[in-house]
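Down below is the structure, laid out as structure tokens.
The values are calculated or read from the model by the stated rules, or taken from the named source; none is laboratory data. If you're wondering where the values come from, they're calculated on a predicted model, not measured in any experiment. With ideal geometry, Cβ positions are generated from the backbone for all residues, glycine too; neighbour counts draw on all protein chains shown.
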Amino acid sequence: MRVFETIKAAVTPMQAAEHYGLRVLPNGMAEVLDKLAVYCSLLNALLGTFNAGCGDPALLPAARESVKQMAELLKEVKPFSYVALPNAAERIDRVFSEESLANANAYTAAFGISSVTALADPQYEAGRKHLRILAMLGN
């Protein structure tokens, strides 16, 4: 295990904030951050498999569930609570589907051998979206 991963597993965001003298957010935000850290770690696990060249379909269900849990958790947290996103679960299912992962894998494979113009091909739209959202939510 890498040093960063070891520290991240042993220290909660609240503990880290307090250690560096940062004001811990009120209204249970530390708990929210702790939960988000767990959800993000599951997304980062899937994202890491792309670094090896191919997204692992075995990690997809856990990643999909993590995003759903994040959406549910953030519905009660300002400023996210102001946003009413209809059909969030359906949108998450569509982005984190097996087809989307397969398209992301095809896009990743093409990235190593194709031109920039080929990578802009509409056939990779689902894969690009999958990778963008995964990277954004996982970090």
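A few notes on this one:
- Listed conditions (1) under 28 Å from Val11 (Cα atoms); (2) over 18 Å from the mean Cα position of the chain (by Cα) are all met by Lys68, apart from (2).
- Here Tyr82 clears all of (1) aromatic (Phe, Trp, Tyr); (2) out of contact with any helix residue (DSSP H, G or I) (no Cβ under 7 Å at 6 or more places or on another chain); (3) surrounded by 11 or more Cβ atoms within 10 Å (Cβ to Cβ) except the condition numbered (3).
- Considering region 68-116, and only residues there that are in contact with a Phe, Trp or Tyr (Cβ under 6 Å, 6 or more places away or on another chain) and hydrophobic (A, V, I, L, M, F, W, C), the residue that is modelled with the lowest pLDDT turns out to be Leu74.
- Yes/no for Phe80 being of a type in the set (Phe, Trp, Tyr) and within 30 Å of Val32 (Cα to Cα): yes
- In region 36-59, residue modelled with the lowest pLDDT [restricted to those that are part of a helix (DSSP H, G or I) and loosely packed, with under 14 Cβ neighbours inside 10 Å]: Asn51
- Cβ-Cβ under 6 Å pairs, at least 6 apart or on other chains, region 40-68 side more than 21 Å from Arg91 (Cα to Cα), far side outside any helix (DSSP H, G or I): Thr49/Gly55; Thr49/Asp56
- One residue stands out in region 94-136 among those that are in contact (Cβ under 8 Å) with a residue 12 or more places away in the chain and in contact with a Ser or Thr (Cβ under 8 Å, 6 or more places away or on another chain): the one that is surrounded by the fewest Cβ atoms within 10 Å (Cβ to Cβ), namely Lys129.
- Test result for Tyr124, over 25 Å from Ser41 (Cβ atoms), touching a helix residue (DSSP H, G or I) at 6+ places or on another chain (Cβ under 7 Å) and among the aromatic types (Phe, Trp, Tyr): yes
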